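**Student:** Sharing a structure below in structure tokens format, with a few things to ask.
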Amino acid sequence: MTRLALLLLLLVTPGLAQPPPAGGILPEAPRTLLPVTLPGPEGLTLRALLVPATDPASRLPVVIALHGCGGLGGPDRPMALPRRERDWAARLAARGHTVLFPDSFGSRGFAETCRGGDAAAMPEVQRRADIHAAASWVQAQPWGEGRGGVLLLGWSHGGSTALAAAQAPVPPGLIRAAAALYPGCRRIGRAQPAWNPAVPMLLLLAAEDDWTPPRFCEALVRAAPADAAPVEVVVYPGAVHGFDQPDLPVRTLTGLAGTRSGTAQMGTDPAARADALARVPAFLDRFAGR
């Protein structure tokens, strides 16, 4: 298996992309959000939001969804899904997946890490352990028993967490596959041992991302061992960080961690969003036993 199973450059001329058909990309909202708690790593009580599948009879694998640096609202207020996460949760639930959002930040007493301070919940350490604990908890629940390993979906800081959670070794049968949108790969690439995905992965990257530049992810994939699990990489020309956000005009964020200037562009790219909304479910379906 080649280290870089697939590298796609979607040839969409920036500024000339036509908006996708409305029915396929309009933001949605999940019908039910259930706060739950579960045993986390090192005695931590990990809180989470559970979105049940729309069809209660569905036996498709559970998707563990990994929030970005903005978290789920912080420790002093009820958990809430950002609009991007709400939209994805509703779509996945409608397809028959139960979706679990572990709150790695609020469970540890802080709200967000977009402006620094993620040492208490690093993707390659604490959040990797959170995901493995959450996956084990899912498999022990009556509604999760018999569904096999979970599927992972993460954005930005959560995408980095998906990369870390998929890093070998992974307990057999715990995780089936993982998708990561615009993850930060620079620090994952510096971690020891070298990144070695144990399960198939899909990486969706933005060519003009100045917060988590795609070149670090491409280098990470190229450097993976030859016998690593396959990794598919899609790079969207003209897109910036957060390209799958529902109806978010591109804007400049300031005061950010992880960039030289402290600023970065973020916002919707209609063509990239439409492709991601089709490509991620198709990827997950390949490992869902449909």
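The values are calculated or read from the model by the stated rules, or taken from the named source; none is laboratory data. All of these numbers come straight from a predicted model, not from anything done at the bench. Note: ideal-geometry Cβ built from the backbone for every residue, glycine included; neighbour counts use all protein chains shown.
**Student:** Has the range 130-149 got at least one residue that is under 23 Å from residue 257 (Cα atoms), outside any helix (DSSP H, G or I) and at pLDDT below 95? It would help to see each step written out before you state the result.
**Tutor:** Pass one, the range 130-149, residues under 23 Å from residue 257 (Cα atoms): 130.
Okay, now just the ones that are also outside any helix (DSSP H, G or I), so none.
For the range 130-149, residues under 23 Å from residue 257 (Cα atoms), outside any helix (DSSP H, G or I) and at pLDDT below 95: absent.
**Student:** Right, another one. Inspect the range 139-149 for any residue being crowded, with 20+ Cβ neighbours inside 10 Å, over 13 Å from residue 68 (Cβ atoms) and in contact (Cβ under 8 Å) with a residue 12 or more places away in the chain and give the result as yes or no.
**Tutor:** Initial filter on the range 139-149 (crowded, with 20+ Cβ neighbours inside 10 Å): 147, 149.
When the remaining residues are screened for being over 13 Å from residue 68 (Cβ atoms), the result is 147, 149.
In the following step, the residues that additionally are in contact (Cβ under 8 Å) with a residue 12 or more places away in the chain were identified as 147, 149.
Within the range 139-149 (the criterion being crowded, with 20+ Cβ neighbours inside 10 Å, over 13 Å from residue 68 (Cβ atoms) and in contact (Cβ under 8 Å) with a residue 12 or more places away in the chain), the answer is yes, since at least one residue qualifies.
**Student:** Look at residue 156 and say whether it is surrounded by fewer than 17 Cβ atoms within 10 Å (Cβ to Cβ) and modelled with pLDDT of 95 or more.
**Tutor:** no
For (1) more than 15 Å from the chain's Cα centre (by Cα); (2) under 23 Å from residue 194 (Cα atoms); (3) hydrophobic (A, V, I, L, M, F, W, C), each residue gets a yes or a no:
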residue	(1), (2), (3)
104	no, no, no
112	yes, no, no
115	yes, no, no
131	no, yes, yes
168	yes, yes, yes
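**Student:** Right, here's the next one. Restricting to the range 40-61, count the residues that are more than 15 Å from residue 99 (Cα to Cα), in contact (Cβ under 8 Å) with a residue 24 or more places away in the chain and not in a loop (DSSP other than H, G, I, E, B). Step through it out loud before you land on a result.
**Tutor:** Taking the range 40-61 as the starting set, the residues that turn out to be more than 15 Å from residue 99 (Cα to Cα) are 40-46.
Right, trim to in contact (Cβ under 8 Å) with a residue 24 or more places away in the chain and you get 40-42, 44-46.
Now narrow it down to the ones that are not in a loop (DSSP other than H, G, I, E, B): 41-42, 45-46.
Residues flagged as more than 15 Å from residue 99 (Cα to Cα), in contact (Cβ under 8 Å) with a residue 24 or more places away in the chain and not in a loop (DSSP other than H, G, I, E, B) within the range 40-61 amount to 4.
**Student:** Is it the case that some residue within the range 70-80 is of a type in the set (Asp, Glu), out of contact with any strand residue (DSSP E or B) (no Cβ under 8 Å at 6 or more places or on another chain) and in contact (Cβ under 8 Å) with a residue 60 or more places away in the chain?
**Tutor:** Applying the first criterion (of a type in the set (Asp, Glu)) to the range 70-80 yields 76.
If we keep only those that are out of contact with any strand residue (DSSP E or B) (no Cβ under 8 Å at 6 or more places or on another chain) too, we end up with 76.
Those left that are additionally in contact (Cβ under 8 Å) with a residue 60 or more places away in the chain: none.
For the range 70-80, residues of a type in the set (Asp, Glu), out of contact with any strand residue (DSSP E or B) (no Cβ under 8 Å at 6 or more places or on another chain) and in contact (Cβ under 8 Å) with a residue 60 or more places away in the chain: absent.
**Student:** Which of the residues spanning the range 91-113 are in contact with a strand residue (DSSP E or B) (Cβ under 8 Å, 6 or more places away or on another chain) and under 30 Å from residue 26 (Cβ atoms)? Explain how you work it out, then say what you get.
**Tutor:** Initial filter on the range 91-113 (in contact with a strand residue (DSSP E or B) (Cβ under 8 Å, 6 or more places away or on another chain)): 92-93, 97-104, 106-107.
Those that are in contact with a strand residue (DSSP E or B) (Cβ under 8 Å, 6 or more places away or on another chain) and under 30 Å from residue 26 (Cβ atoms): 92, 93, 97, 98, 99, 100, 101, 102, 103, 104, 106.
**Student:** Return yes when residue 93 is modelled with pLDDT of 95 or more, aliphatic (A, V, I, L, M) and not in a loop (DSSP other than H, G, I, E, B) and no when it is not. So that I can check it myself, show each step before the final result.
**Tutor:** Values: modelled with pLDDT of 95 or more: yes; aliphatic (A, V, I, L, M): yes; not in a loop (DSSP other than H, G, I, E, B): yes.
Answer is yes for this residue.
**Student:** If you don't mind, another one. Cβ contacts < 9 Å: first residue modelled with pLDDT under 90, restricted to the range 22-39; second residue assigned to a strand (DSSP E or B), any location; separation 6+ or different chain. Result?
**Tutor:** 30/51; 30/99; 31/51; 32/50; 32/51
**Student:** I need the full set of residues from the range 221-257 which are of a type in the set (Gly, Ala, Ser) and under 26 Å from residue 116 (Cβ atoms), in order please. Break it down into steps so the answer makes sense when it comes.
**Tutor:** Quick first cut of the range 221-257, residues of a type in the set (Gly, Ala, Ser) only: 223-224, 226, 228-229, 238-239, 242, 255, 257.
Listed by number, the residues that qualify are 239, 242, 255, 257.
**Student:** Given the condition touching a strand residue (DSSP E or B) at 6+ places or on another chain (Cβ under 6 Å), in contact (Cβ under 8 Å) with a residue 60 or more places away in the chain and surrounded by 22 or more Cβ atoms within 10 Å (Cβ to Cβ), answer yes or no: does some residue in the range 117-130 qualify? Spell out how you get there, then give the answer.
**Tutor:** Initially, the range 117-130 is screened for residues touching a strand residue (DSSP E or B) at 6+ places or on another chain (Cβ under 6 Å), giving 130.
Adding the requirement that they be in contact (Cβ under 8 Å) with a residue 60 or more places away in the chain leaves 130.
Filter once more, keeping what is surrounded by 22 or more Cβ atoms within 10 Å (Cβ to Cβ): 130.
Yes; the residues of the range 117-130 include at least one that is touching a strand residue (DSSP E or B) at 6+ places or on another chain (Cβ under 6 Å), in contact (Cβ under 8 Å) with a residue 60 or more places away in the chain and surrounded by 22 or more Cβ atoms within 10 Å (Cβ to Cβ).
**Student:** Something else: Just to be sure I understand, how many residues within the range 31-57 are polar (S, T, N, Q) and either crowded, with 16+ Cβ neighbours inside 10 Å or touching a Phe, Trp or Tyr at 6+ places or on another chain (Cβ under 9 Å) (or both)?
**Tutor:** Here is the first cut: in the range 31-57, the ones polar (S, T, N, Q) are 32, 37, 45, 54.
Checking which are either crowded, with 16+ Cβ neighbours inside 10 Å or touching a Phe, Trp or Tyr at 6+ places or on another chain (Cβ under 9 Å) (or both) leaves us with 54.
Number satisfying all stated conditions: 1.
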